[in-house]
Structures are given as structure tokens and as C-alpha cells.
Amino acid sequence: MDSTFRRTPDIHLQDLIKGLLQGNRGFLSRAITLVESKRADDRRLSAELIDKILTESQKTLRIGITGVPGVGKSTFIEAFGKMLTALGKKVAVLSVDPSSNRTKGSILGDKTRMDELSKDANAYIRPSASGSNLGGVASSTRETILLCEAAGFDVIIIETVGVGQSETVVKDMVDYFLLLMLAGGGDELQGIKRGIMEMADHILINKADEDNVKAARRAKEDYKNAVHLFPANEADWVVPVSLCSALEKTGIDQVWKEIERYEQHSRSNGWFIENRKRQVLKWFHERIHARLEDSFYAKKDIKEKIKEREELISSQKISVRKAVEELFS
Ligand code: GDP
């Protein structure tokens, strides 16, 4: 973001919004960079920006995709995304990547990934925001979703690696949650926890091709049986289990059919709107907590004060209650 942009926010913010609403990608990228920024003046501008572009984005679809590294997420998103753009959809691909802080890169940072989709005029791929906490990254991803929707993207795909906490975070920002699995790996080997399987709106067994077809079909039956034992979900939706080969591009259109069926189902029973409402309220409360925490830790000499009290508490010279009271007084 250039400095003139910061210096004369009013004029430029209006230009930014105009460009964004016209679907200009350059402006979209700049708007995302702005909401990801942690500078105080950028935060103020971001709040204004998001507030101005907030519209009824109920016509869009937000799809979360997870699965262990190597399961074929990017290959699938490439094939799925290309199929959607061929149907006339505008597709944005975002990611929530808890490892991006450690590795510096991001799961979408690798240029060889989604090569074709990245060249598609109707697709927009944005690497993960970096940040020291998942909550902050999640919050800017949510705002990025809103920006993409304002720019005219109607299907938003949010990818995450299946390693634990980030799935819950992504589940809370999407309408449909797709879990990619492999046949024959065994759930434990695949590192997928039961809780994550229960979050899924669709279990998709990838790499159902070549020598793997038989095993994939068996796995499909196993997962189908497992799904029946899960507690009923709030969408009143029977989770489909299907096969695909992202490489051979088979079973991809079936996924879209299921998503359309889900959309129809959840819109007609009211869950679609209810879920979005719950998600945004949960986000609101999470942000309140995060702001409170930030302002507490921003207090003068707070680290030293905590350290002092840790010692006093350990040697039983002060109670926890008293120590906390003192820190807040
Ligand atoms: P990600 O880490 O989950 O994003 O996985 P990738 O999309 O990078 O795929 C990991 C590897 O699996 C790559 O070598 C892909 O070519 C391969 N792969 C992905 N999908 C399929 C598939 O449907 N069939 C087969 N045989 N290989 C696949």
C-alpha cells in the first residue's frame, strides 16, 4: 500500500471502494492488504471500508475444504474451481494456514499450486494472511470473504490444512464444509479426529483412480456407516460420502450437485440464514474478547507485574484472586 493512500484516506478510500465494487482485482488485493494490516490508522480505515461494503451477501456460497497435507486439496480446488468458472461462477480461493507463521510461506504461496486456476480471469487466489494468532488470521479472513463478495465473487473457497484447531475456525465461517479423505489410510494415520469428521457436511474420498478404486469404494461404505452413527447435525442434513479423482477430474461435478442440493435444503429449512447469523454473532463476541485481551496486555509494565505476582503466588504469599484484582486495579 503506498503512502499517499495512507495520507489522504478519505479520497482514496472512496476510490478503493469504487474499484472494489467494480470487481477490480488490484483494488481487491489492496483492500485485503488493508484489512490484514495491524497499524492503528489502517485499522480505522479498514473498519470504515468494511462498514461501507457490507451488503446482503446471502446469495454467495462459502465452502470450506480441509484434509491432511497430500490428500489433494489444491489439485481438487484447481479442478473444482475450473469447473465452476466454466459454469459462469466467479471463484475466490482463500486459506487459513496455521503454519504460515512458522514457515513464512503459506499453503497457497507455492506458485506451482493451482496453476491453471490462478490464470483464470474469473478466479482470484489469495495466499493466507500471516499473523501470530489464529483468531486474528481468522478475523481478517472473514473480512476478506466480505471483500471478495463485494467484488462480485459468488463462490468463496476457504482451504485449511487438517491439523486441528483451524478446522473449527473455518467451519465457523462457511456454509458448507468439505472433508477430503484417502482410502486405506486409516483415520488415525490420516490425522483426522472424529470431531472433525463430525463437522463435515460432505466426506469426499479423493484419489479414487487407477489401482486405488477398489479401496476407495470400500472406504466409501465404511464412512457411510460411520456417518450414520454421528449425532444429527443442525442442518438436518445427511452427510454424503462420495468418491473423486481430482487428478482425473472425476466425481467433481457430483460434489457441486451435492452442494447445490445442500443449499436448497438449508435455505428452505432456514438453517442457511440462521447459521450465518450465528457465525457473525460468534465472531463479534470473539473480537470483543480479543480486544479486551489486547488492551489488557498493552498496559504499562504489565509483563513485569505479572511476573512479580507469579512468584508471589508460587510461594503462597498472595492469593490468585488478590493478584488478579491488583492487575486490574
Ligand atoms: P494437498 O497437500 O492436500 O494440497 O495435496 P496436493 O493437491 O498438493 O496433492 C498431493 C499429491 O497428490 C500430488 O502429487 C498430486 O498430484 C496427487 N494427487 C492429488 N489428487 C490426486 C488424485 O485424485 N489421484 C491421484 N492419483 N493423485 C492425486
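We did not get these values from a lab; they are worked out from the coordinates using the rules stated. This is a predicted model, so every value here is computed, not measured. Here the Cβ positions follow ideal geometry from the backbone for every residue, glycine too, while neighbour counts run over all protein chains shown.
Put simply, the amide H of Arg62, placed in the peptide plane, has neighbours under 5 Å in Ile156, Asp175, Tyr176, leaving out anything fewer than 5 places away on its chain. Within a straight-line Cα-Cα reach of under 12 Å, Lys18 cannot be paired with any aspartates and glutamates, leaving aside sequence neighbours fewer than 8 residues apart in one chain.
Which of rounded, prolate or oblate describes the range 241-295 when judged by the alpha-carbon gyration tensor and an a/c cut-off of 1.5?
Judged from the Cα gyration tensor, the range 241-295 comes out oblate (a/c at least 1.5, b/c at or above a/b).
Amide H contacts for Ile205 (H built 1.01 Å from N in the peptide plane; partners 5 or more residues away or on another chain; cut-off under 5 Å): Met181, Ser242, Leu243, Cys244.
Positive end of the dipole of the range 184-329 (Cβ unit charges, origin at the Cα centre): among His202, Ala219, Trp283, the Cα lying farthest that way belongs to Trp283. Axis angle, to the nearest 10 degrees, between helix 73-86 and the longest C-alpha principal axis of the chain: 70 degrees.
Can you tell me how much longer the chain between Thr168 and Asn225 gets when fully stretched, taken as 0.36 nm per residue apart minus their C-alpha distance, in nm with one decimal?
Gain on extension, Thr168 to Asn225, equals 18.2 nm.
For every other residue with a beta carbon closer than 12 angstrom to the beta carbon of Lys282, add +1 if it is Lys or Arg and -1 if Asp or Glu, then tell me the sum.
Here the charged neighbours net out to +4.
In sequence order, the range 198-205 has phi-based couplings of 5, 7, 5, 9, 6, 10, 10, 8 Hz under the Karplus curve 6.51 cos²θ - 1.76 cosθ + 1.60, θ = phi - 60°, and Gly or Pro positions carry x. Sequence-distant contacts, meaning Cα pairs under 8 Å at least 6 residues apart, place the relative contact order of the chain at 17 percent. Partners of Lys299 within straight-line reach, counting lysines whose Cα lies under 23 Å from its Cα and excluding those fewer than 8 residues away in the same chain: Lys38, Lys307, Lys322.
A simple count of charges around Thr168, restricted to other residues whose Cβ falls under 12 Å of its Cβ and scoring Lys, Arg +1 and Asp, Glu -1, yields -1. In the elastic network of the chain, a GNM with C-alpha springs shorter than 10 Å, the most mobile of Gly136, Gly64, Gly184 is Gly184. The distance from the alpha carbon centre of the range 278-307 to that of the range 11-48 is 25 Å, rounded to a whole number. Roughly how tilted is helix 9-21, in degrees to the nearest 10 and between 0 and 90, from the longest Cα axis of the chain? Roughly 10 degrees, rounded to the nearest 10.
Calculated mean residue ellipticity, 222 nm, the chain: -17000 deg cm²/dmol, from DSSP H runs (n ≥ 4) at -39500 (n - 2.57) each, averaged per residue and rounded to 500. Relative to the longest principal axis of the Cα atoms of the chain, the long axis of helix 302-314 lies at roughly 90 degrees. Seen from Ser329, the other residues with C-beta closer than 15 Å to its C-beta sum to a net charge of +2, counting Lys and Arg as +1 and Asp and Glu as -1. Close amide H partners of Gly72, meaning residues 5 or more places away or on another chain with modelled amide H under 5 Å apart, do not exist here. Comparing Glu274, Glu304, Glu293 in a Gaussian network model of the chain (Cα springs below 10 Å), the most mobile by mean-square fluctuation is Glu304.
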